[in-house]
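Data first, discussion second: the structure below is written as structure tokens.
The values are calculated or read from the model by the stated rules, or taken from the named source; none is laboratory data. Since the structure is predicted, the reported quantities are computational estimates derived from the model, not experimental observations. We place every Cβ from the backbone using ideal geometry, glycine too, and count neighbours over all the protein chains shown. Side chains are part of the model used for accessible areas, which takes the heavy atoms of the whole protein and leaves out ligands, DNA and RNA. Shrake-Rupley method; radii C 1.70, N 1.55, O 1.52, S 1.80 Å.
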Amino acid sequence: MHEAPVIELGGLHIDLSIILMLVVTCTIVFVIARLATRNLSVENPGKLQNFMEWATEFVQNLISSTMDLKKGKPFLSLAMTMIMFIFVANMLGLLFGVVTEYDDPAKATVFGQEITSVTKILTEEHAKHPGEEAHAEVAWWKSPTADLSVTMALALLVFVISHGLGMIRNTKNYFKHYVQPYPFFLPINIIEQLSKLLTHGVRLYANIFAGEVLISTIMTLAKASVVGAIFSVPLLMVWDGFSIFVGAIQAFVFVILMMVYISQNLETHEEEH
Amino acid sequence: MEIVWENTVIALIAIGILYFLLNKYAFGPLFSVMEKRRELVQQQLSEAAQTREQATAFVEEQKAALQQARKEAYDIIEQSKQTSSKQAAQMLEQAKDEASRLKDEAVRDIQNEKNRAVEQLRSEVGAVSVKIASKLIEKEVSEEGVQGELVDKYLKEVGGRS
């Protein structure tokens, strides 16, 4: 399996590939959004503006399907940011991969910094099988959403926003909801909320990560032999197509769940099932 | 797969910055433009409705004006018909009067002329008859005097009877 290029900087573990991919994703999203809204026109919108407005209306419909649009309007920007970020992030891992291989712990450096994740693995390998050649591969280019830390960050953000809004704007109903229908349901309700946080993040991560694993597996097959290379081409085409579909669906699912969670915590009437 | 909390923090920061930038430079203007377009469409719709209302009112007005004009035209025709028939009657009356007047005049003229002719004839006949008579009875009847008067009287009697 591919390792992450982690360096230690002032006691912090910095994952360079995550930083790189986050920067790339944010840049792409911002450039697309900026290009689409560069020449805004009320009466004669350009193609990109039309596309962006279509996306906005799509997200608006998505919000209005979970809550009153008046209440949901402040979340439009957030939902747009989320859906664009997640979609672009999901797509990035499909294009290509950048992998570096290391055999010698001394050579595993970047910008003069030791890649601790690689050296750790190499020394472990050496310890397990002394005398054998140790080997580690580092993936530099991958979907940022194929990392659990990142998807949990997104889920955590949604969790904090939805529960924060619930506590501030809907205090009475929010807290009452934890002891519904009976007070002894309190632990169950808390577990439910926590499981929502967990599944929200893990669902996205697992889908994208699985897609990337299969792509790298097919790549391994392609490298193995000539027959494998021939077989891998249609396989890769099919799986890439499916991954695009999955990536789009997961972005959609993530955002609609975000709106559902927010609307649940803002609900004034009890409608728990 | 382990969670590296530094990654989580970095991802949160990245999303936060992206949200801020997009909100400020892309979505804010986009949403305001969409809102403006919505307002524009609303305004144009209401304007169109207003224009249609105006058009309907205008057509109604036109219809009323046309009706009025038609009525007036009818009135004028009626009036002129009346006037013309009256005039015709008047003219006919006048013509009749004129004709009768002319006829009367003519009759009177004829009468006068006849009277004059009769008068003339009478005097001539009188004179001629006197002449004839004097020629026939030269000595018995003199031209002047009682005999002439007698003849005149007689002749007048004859002329009056005719």
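For the reader, a short list of remarks on this structure follows.
- Chains A and B, summed buried accessible surface - 1.4 Å probe, Å², nearest 100: 3200
- Cross-link table A:LYS47/A:LYS71; A:LYS73/A:LYS196; B:LYS114/B:LYS156; B:LYS81/B:LYS103; B:LYS103/B:LYS156; B:LYS63/B:LYS86, entries beyond 26 Å C-alpha to C-alpha: A:LYS47/A:LYS71; B:LYS81/B:LYS103; B:LYS103/B:LYS156; B:LYS63/B:LYS86
- For B:ASP104, the accessible surface of its heavy atoms amounts to roughly 90 Å² (probe 1.4 Å, protein chains only, rounded to the nearest 10).
- Residue-by-residue Karplus 3J(HN,Hα) for the range A:235-243, coefficients 6.51, -1.76, 1.60, Hz, glycine and proline x: 4, 5, 4, 4, 5, 5, x, 5, 5
- Under 5 Å, built H, 5+ apart or other chain: amide partners of A:VAL99: A:TRP140
- Neighbour-limited loop hits for trypsin sites (Lys or Arg not before Pro), the range B:65-160 (at most 14 other Cβ within 10 Å; DSSP other than H, G, I, E, B): B:LYS139
- Reachable aspartates and glutamates from B:LYS71, criterion Cα separation under 17 angstrom, eight or more residues apart if same chain: B:GLU60, B:GLU61
- Note that the range A:205-219 has calculated 3J(HN,Hα) couplings of 4, 5, 4, 6, 5, 4, x, 5, 4, 5, 5, 5, 5, 4, 4 Hz, one per residue in order, obtained from phi through the Karplus relation 6.51 cos²θ - 1.76 cosθ + 1.60 (θ = phi - 60°); glycine and proline are x.
- Helical mean residue ellipticity (222 nm; -39500 (n - 2.57) per DSSP H run of 4+; nearest 500) of chain A: -23500 deg cm²/dmol
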